[in-house]
Amino acid sequence: MDLDFSPAELDFRAEVRDWLAAHVPERLPPMDTGEGFQAHRDWEALLAGERLSVVSWPREYGGRAASLIEWLIFEEEYWAAGAPARVSQNGIFLLAPSLMRFGTPEQRRRWLPRMATAEDVWAQAWSEPEAGSDLAALTARAERADGGWLLYGHKTWSSRAAHASHGFGLFRTSGARHKGLTYFLFPLDDVAVRPIAQLDGLPGFAELHFDGVFAPDSMVLGEPGDGWRIAMSTTSSERGLTLRSPGRFLATADRLLDLALDADPALADRAARCWTAAEAYRLHTFATARRIMAGAEIGAAASMGKVFWSELDLRMHELAMELLGDRAGGTAWLDGFLFSLAGPIYAGTNEIQRNIIAERVLGLPR
Amino acid sequence: MDLDFSPAELDFRAEVRDWLAAHVPERLPPMDTGEGFQAHRDWEALLAGERLSVVSWPREYGGRAASLIEWLIFEEEYWAAGAPARVSQNGIFLLAPSLMRFGTPEQRRRWLPRMATAEDVWAQAWSEPEAGSDLAALTARAERADGGWLLYGHKTWSSRAAHASHGFGLFRTSGARHKGLTYFLFPLDDVAVRPIAQLDGLPGFAELHFDGVFAPDSMVLGEPGDGWRIAMSTTSSERGLTLRSPGRFLATADRLLDLALDADPALADRAARCWTAAEAYRLHTFATARRIMAGAEIGAAASMGKVFWSELDLRMHELAMELLGDRAGGTAWLDGFLFSLAGPIYAGTNEIQRNIIAERVLGLPR
Amino acid sequence: MHFAFTDEQLALGATVRDVLRAHCPPGALRTERRPAWDRLAELGFFGLLLPPELDGLGLGLTDVLPAVEETGRACLPGPVVETAVAAAFLSPRLPKLASGGVCVGVLLPGEAYMADADLADVLVVARTGEGVRVLPGHEARLTAVPGVDPCRPLFEVAFEASGRAESGADRVALAARAVAVATAAQLIGVARELLAVSVSYAGVRRQFGAAIGSFQAVRHRLADVAVAVEFAAPLVHRAALSVDRDAPTAGRDASAAKAAAGEAAALAARVALQTHGAIGYTEELDLRFWLARAWSLSAAHGTAAAHREHVRASLSARDLRRYP
Amino acid sequence: MHFAFTDEQLALGATVRDVLRAHCPPGALRTERRPAWDRLAELGFFGLLLPPELDGLGLGLTDVLPAVEETGRACLPGPVVETAVAAAFLSPRLPKLASGGVCVGVLLPGEAYMADADLADVLVVARTGEGVRVLPGHEARLTAVPGVDPCRPLFEVAFEASGRAESGADRVALAARAVAVATAAQLIGVARELLAVSVSYAGVRRQFGAAIGSFQAVRHRLADVAVAVEFAAPLVHRAALSVDRDAPTAGRDASAAKAAAGEAAALAARVALQTHGAIGYTEELDLRFWLARAWSLSAAHGTAAAHREHVRASLSARDLRRYP
């Protein structure tokens, strides 16, 4: 057991740090505005030029074949440098792992390089009005057509869809609750997209209405009926680790200390606790990465990480709100606070995560 | 709206304070030892001699017909003075309110005066091995006999029964889940009592085995089949208020400040929060007392008090353990800590209380 | 000892509630800056705390608390507490104050920004050691600063410090306490509404074949909000009495009230969001106004943390007196 | 970067677990003061950290951490960490230390009482500014003081301060860190067992016609314990490496580990009691030994609060370095 970075890892860290120090832009406009969306795509393209947008991907798709440890190093440096939020994140963190594992070679070649450069930006389309936590209750459906499928139905809370080019999600191809679901990719061109403004007034969500949108067979990921398994198995491998890397919480914790250490000791204490918790998440992730690199699946344990980071993020931002009071407006802390409130909701609510922990980690009865 | 004590109330407070200052003994031996039980009974008798053991009861039963406000004042002074725990508490706080409301005049005359002086000490006998939170699942039963009933079955977690003279509890007289329960009083003479040691090694619990124990009709409280309603309606009137009066938490909070104010400010902050919370419970209780004195029932709102005081008590004692560290042993704080851990369990677990709040205060579906 | 609002106090609250239901519906929050102001003025709302000789009703803070709570419950925008409470303490002789004919912006010591300053006919500025300044709105330069609450915009206020400051440290301290208590009462109202809306949603939203309010994870969290609000409210009521009586503990009591109410409202907001899920996160749902109000008022006139620190400082000075 | 125990480290842990299963069953906690001591001695347990020239195996704290965690999981009584860890740092040349032939009591700076002092053949006392004193057990006057853990009795230790103190502030600081980390590892073990026992009980105890572990209120709380333990453990593992490497952050890392492990164990204890209900509150159920151990070890060698304060002090001095 050791915690030593290799010389190559230390070199990589230095390279990333130097490059970011030279290139990280001033705060970009919000990514859910048209202008901000383009600015964030431009930033992704700049990253991609250095093969830094998707460091862990194979070189043929635009990455550096970096190890998970290197990816974690990249993330630490990225967030410490105050670099922009990732407009491509739904694609690179939610879809790409599934594409890598279940996609055909053709699908991977077609979609991954364009995702790495943000030529395509992908929106997720999981939820429906009546299927949130109970995702398997979804009713959007795909009907067989010549050479492909026609998609019908109504998706909602689709992050990034207001400006994105493509979407991915599950559609019902038969009645079986889980085994009747198929994983589709689709361009958003023919989908009726209604942007939905979030608390900050910007259209971070959208509703998607499908009225016979054609998706060729080449846009089905895996086999028809395999959608649930694909979506969930990605959850239990890299995604549990890559959805929110420790780097962003370490950076938040460092900034929180700046705000808190000279304040009331009772608040400084809360900040120090958060800082230690961010370290705990980092260390835990190093252990998890080691297991994944040795071929293990994370499985349900990913749910423990989700609960831990989302509640840590909330505590940090709630504390920042206490520290800033009326002065919070217009700061990145306020944006972060609003975003942190969504943490226990998205990617499976924390109630669902606790059910998974209870049943699948602890073995409690349903 | 006002918070002013009347001159009579202030006089009463002064009288109680002076009397306690002159009479409160040094720490008595633990009440669950034979010696301590007797010492606590003697203390109750001394209180009763001054009509201070049950101030709110009518004079004919040994009280002073004090108002609820005066009773709260008594409690504040009692706990502030560091007076002994009440060996009679199951009787005077759990049974007596039911006796007052549902007992016959004969039952009240027979039992209340002896309870006030601790000539009789009552143990509660609610739970059974398979009926804890799900109390209505109890199976101990009473069979009709000449002039009374024969009690059969097995009760457990009976507080004080190792040394008490009498018990009270529910027994099944028919099969109906709630309406088949009857409220019995019984002497412990013919009951097989097996003391159960608690975490502190003392027999604060006992198991009771009934093998045809005779209870005459005069020992049935209310009508056969009315037991559940009687037990629960007491819960929703005074008991919600009298089970744990604010006085004990105010006293604990004051002592906690002594321990904490010069410690790490992060701990002092937690102590100050507890102190304010104890004030909140006190003020809330004044409001509740006012409503009861105006004839209202507390109803399910009593569950909010239970959750609040039990979790406050736990926070205070957990903090004291942090402040004392290795030095906690042998202090009243350690006893209090162990006792506080039981707070969210006894008198209806806090999970049950939250269900009650959700359903009966908030109107959420079952 | 009668720790319950009187029929008169409750009736005033009920009247204000009825007015706000009619004239400050959720839709008004999207279109109006001062909905229901004139109706409240007709009721004499802005003169409640002023003495009769200034055309007021001479009531105490306690008397108006249920009415102030209703303004929070309705998420009423505009400088209502500033005009009806702060100005009554700081600058009671302002012309037309009692009639609601003047809209007042207030900046208290230690505060960075003034809420709704752009609506104010008169600005009352109390800075530490500088006494109280009263100036016409047009004499100040206002710079909008970003905030969290679209219905409670904040402004930096600059003006020429001419010689009109009146002394009045006592008045300022009293006003600060009264404003903290009134804001706490609004927060209780906000929290109650957030709870009510969340309970209502949990009763109808179905997942896994059942109303989500039947799941313990959801219902127990809502129960926790109910408990937090239930035990914050008496601290607020006590603080109003304490301020009215100028009790020696009034400062600490006001801080305890503001902290507890702010924390209860923040909890109610968090649980409301968690109960609603993604839909709670949208601009379309009216919920967002109450969320924003919970956050803006929690921060206004001292955060919970700042008030907790004040309570702790008072206790650390070994002032353990209680009111009552 | 290989943040996982090696096969050797895990094998040592498994060996200790097997020994303790056989020789420290729950029943032994009621009758024996040093169960399994001799068996552990046979394994070389007490010489693991000693260098080969002192008949030890020359292992690091990291190497023995899984084994130490097992002693916590089994609720092993006796001065095990004191003899196997503290003495190895403070007084490695004690005769018969490696063989387990000597039982050591240890008092570190700032500590009031010595655990298991009545069992100790040798007492090692390190007081601030006084260096390290080693004295035979019979030279000390022991006064039993009440504690929370029947299997870990505490004693006040008095002795004639004769001239045998050895200097060694560095050794003492290192020992204090190592003891904090080892105790943290035991706490993780205690917490894991408390969780396992509670999960098992929640799976069989039925109320309202269902296993209580199917109720969200119960299962989500157990999930929270699992999360707390899961994220405390890596802090403990890191701290062991940090102590072994004498990293600049070792003191803070040890404190972070002890605080997190102590809090996780305290939470596990509270939830275990709440899950069991009244039966958990009894002397008859073996659970009580693990509850007591969670409380006694949380307090031993610095409470969570004291260690949190140390972490905060280090950060407040703007030492934001991280290991690694």
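Which one is surrounded by the most Cβ atoms within 10 Å (Cβ to Cβ), of the residues in segment B:202-225 that are within 30 Å of B:LEU338 (Cβ to Cβ) and aromatic (Phe, Trp, Tyr)?
The initial filter retains those residues of segment B:202-225 that are within 30 Å of B:LEU338 (Cβ to Cβ), namely B:202-210.
With the extra rule that they be aromatic (Phe, Trp, Tyr), the set shrinks to B:205, B:210.
Numbers: B:PHE205: 26, B:PHE210: 24.
Per the criteria, the residue is B:PHE205.
Given the criteria of a type outside the set (D, E, K, R) and more than 9 Å from every other protein chain (Cβ to nearest Cβ), does C:VAL243 qualify?
On the way: of a type outside the set (D, E, K, R): yes; more than 9 Å from every other protein chain (Cβ to nearest Cβ): yes.
The answer is yes for C:VAL243.
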### Task
Output the qualifying pairs, or none if there are none: Cβ atoms under 8 angstrom, residues six or more apart or on different chains, first residue in segment C:300-318 and farther than 17 Å from B:LEU256 by Cβ, second residue part of a helix (DSSP H, G or I) and among the polar types (S, T, N, Q).
C:ALA300/C:THR183; C:HIS301/C:THR183; C:GLY302/C:SER255; C:ALA304/C:SER298; C:HIS307/C:SER255; C:HIS310/C:SER255
### Query
What do you reckon, is B:LEU185 under 25 Å from D:HIS276 (Cα atoms), touching a helix residue (DSSP H, G or I) at 6+ places or on another chain (Cβ under 6 Å) and not in a loop (DSSP other than H, G, I, E, B)?
no
### Task
Please verify whether segment C:50-64 includes one or more residues that are in contact with a Gly (Cβ under 8 Å, 6 or more places away or on another chain), buried (at least 17 other Cβ atoms within 10 Å of the Cβ) and touching a residue at least 24 places away in the same chain (Cβ under 8 Å).
yes
### Query
Under 6 Å by Cβ, and 6 or more places apart or on different chains, what pairs join a residue from segment A:218-232 that is in contact (Cβ under 8 Å) with a residue 12 or more places away in the chain with one that is polar (S, T, N, Q)?
A:PRO224/A:THR173; A:PRO224/A:THR182; A:GLY227/A:THR182; A:ILE230/A:SER98
### Query
Quick one: A:ALA206 ticks every box in (1) more than 30 Å from C:LEU285 (Cβ to Cβ); (2) within 13 Å of another protein chain (Cβ to nearest Cβ); (3) among the small types (Gly, Ala, Ser); (4) under 20 Å from the mean Cα position of the chain (by Cα) bar one, so which box is it?
(1)
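Go through segment C:138-167 and count every residue that is of a type in the set (Lys, Arg) and assigned to a strand (DSSP E or B). Please lay out each step first, then the result.
Residues of segment C:138-167 of a type in the set (Lys, Arg): C:141, C:152, C:164.
From what is left, the residues that are assigned to a strand (DSSP E or B) are C:141.
Looking only at that region, the number is 1.
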### Task
Could you tell me which numbered condition C:VAL102 fails, if it satisfies all but one of (1) within 14 Å of chain A (Cβ to nearest Cβ); (2) of a type outside the set (S, T, N, Q); (3) under 24 Å from C:GLY58 (Cα atoms); (4) without any contact (Cβ under 8 Å) to a residue 24 or more places away in the chain?
(1)
### Query
So is D:ALA313 more than 20 Å from D:ILE212 (Cβ to Cβ) and under 19 Å from the mean Cα position of the chain (by Cα) or not?
no
### Task
For segment A:199-219, enumerate the residues that are more than 21 Å from A:LEU135 (Cβ to Cβ), part of a strand (DSSP E or B) and not small (Gly, Ala, Ser).
A:ASP211, A:PHE214, A:PRO216
#### Entry: Some residue of segment B:107-125 being in contact (Cβ under 8 Å) with a residue 40 or more places away in the chain, surrounded by fewer than 21 Cβ atoms within 10 Å (Cβ to Cβ) and among the β-branched types (Val, Ile, Thr)
yes
### Summary
By residue number, the members of segment A:12-27 that are away from chain D (no Cβ under 14 Å) and modelled with pLDDT of 95 or more are A:ALA14, A:GLU15, A:VAL16, A:ARG17, A:ASP18, A:TRP19, A:LEU20, A:ALA21, A:ALA22, A:HIS23, A:VAL24, A:PRO25
### Task
Keeping to segment B:307-366, report how many residues are among the charged types (D, E, K, R), facing another protein chain (nearest Cβ under 7 Å), in contact (Cβ under 8 Å) with a residue 12 or more places away in the chain and farther than 18 Å from C:ALA223 by Cα.
1
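Go through the residues of segment C:104-123 one by one and say whether even a single one is farther than 27 Å from C:ALA240 by Cβ and at pLDDT below 95.
Applying the first criterion (farther than 27 Å from C:ALA240 by Cβ) to segment C:104-123 yields C:118, C:121.
Remaining after also requiring at pLDDT below 95: none.
No, because not a single residue in segment C:104-123 is farther than 27 Å from C:ALA240 by Cβ and at pLDDT below 95.
Conditions (1) closer than 21 Å to A:SER218 by Cβ; (2) within 14 Å of chain C (Cβ to nearest Cβ); (3) hydroxyl-bearing (Ser, Thr, Tyr), marked per residue:
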{"position": "A:SER88", "(1), (2), (3)": "no, no, yes"}
{"position": "A:LEU95", "(1), (2), (3)": "yes, no, no"}
{"position": "A:MET115", "(1), (2), (3)": "yes, no, no"}
{"position": "A:ALA137", "(1), (2), (3)": "no, yes, no"}
{"position": "A:ASP146", "(1), (2), (3)": "yes, no, no"}
{"position": "A:LEU150", "(1), (2), (3)": "yes, no, no"}
### Selection status of D:LEU154, in contact with a His (Cβ under 9 Å, 6 or more places away or on another chain) and buried (at least 24 other Cβ atoms within 10 Å of the Cβ)
no
### Task
Tell me, please, whether a residue that is touching a helix residue (DSSP H, G or I) at 6+ places or on another chain (Cβ under 6 Å), acidic (Asp, Glu) and more than 24 Å from B:LEU135 (Cβ to Cβ) can be found in segment D:285-293.
no
### Summary
Restricting attention to segment B:1-32, the residues that are farther than 16 Å from B:TRP71 by Cα and either surrounded by 17 or more Cβ atoms within 10 Å (Cβ to Cβ) or basic (Lys, Arg) (or both) number exactly 6
### Query
Counting just the residues of segment C:298-324 that are hydroxyl-bearing (Ser, Thr, Tyr) and farther than 22 Å from A:MET321 by Cα, which one comes out farthest from the other protein chains (Cβ to nearest Cβ)?
C:SER314
### Query
Within segment A:244-257, which residues are farther than 17 Å from A:SER53 by Cβ and either at pLDDT 95 or above or among the aliphatic types (A, V, I, L, M) (or both)?
A:PRO246, A:PHE249, A:LEU250, A:ALA251, A:THR252, A:ALA253, A:ASP254, A:ARG255, A:LEU256, A:LEU257
### Residue within segment C:269-288 that is at the interface with another protein chain (Cβ under 9 Å from one of its Cβ atoms), touching a residue at least 24 places away in the same chain (Cβ under 8 Å) and within 16 Å of the chain's Cα centre (by Cα) present
yes
### Task
Kindly check whether there is at least one residue in segment D:262-274 that is more than 21 Å from D:PHE231 (Cβ to Cβ) and part of a loop (DSSP other than H, G, I, E, B).
no
### Query
In this structure, does B:LEU250 turn out to be closer than 30 Å to B:LEU323 by Cβ and without any contact (Cβ under 8 Å) to a residue 60 or more places away in the chain?
no
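Inside segment D:90-137, can you point out the residues that are assigned to a helix (DSSP H, G or I) and surrounded by fewer than 23 Cβ atoms within 10 Å (Cβ to Cβ)? Before the answer, list the steps.
Step one: filter segment D:90-137 for residues assigned to a helix (DSSP H, G or I), giving D:90, D:117-119, D:137.
Listed by number, the residues that qualify are D:ASP118, D:LEU119, D:GLY137.
Among the residues of segment B:142-177, which ones are assigned to a loop (DSSP other than H, G, I, E, B) and charged (D, E, K, R)?
We begin by selecting, within segment B:142-177, every residue assigned to a loop (DSSP other than H, G, I, E, B); these are B:146-147, B:156-165, B:173-177.
Within segment B:142-177, B:ASP146, B:ARG160, B:ARG177 qualify.
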### Message
Need the failing condition index for B:VAL191 against (1) under 25 Å from B:ARG41 (Cβ atoms); (2) under 20 Å from the mean Cα position of the chain (by Cα), just the number.
### Response
(2)
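Hey, can you tell me all the residues within segment D:275-324 that are on the phi > 0 side of the Ramachandran plot and either assigned to a helix (DSSP H, G or I) or among the charged types (D, E, K, R) (or both)?
Of segment D:275-324, the ones on the phi > 0 side of the Ramachandran plot are D:277, D:301-302, D:318.
Listed by number, the residues that qualify are D:GLY277, D:ARG318.
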### Task
Go through the residues of segment B:129-140 one by one and say whether even a single one is at pLDDT 95 or above, of a type outside the set (Val, Ile, Thr) and within 26 Å of B:TRP43 (Cα to Cα).
no
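The values are calculated or read from the model by the stated rules, or taken from the named source; none is laboratory data. Values in this document were obtained by computation on a predicted structure and should not be read as measured data. Reconstructed Cβ throughout: ideal geometry from the backbone, glycine too, with neighbour counts over all protein chains shown.
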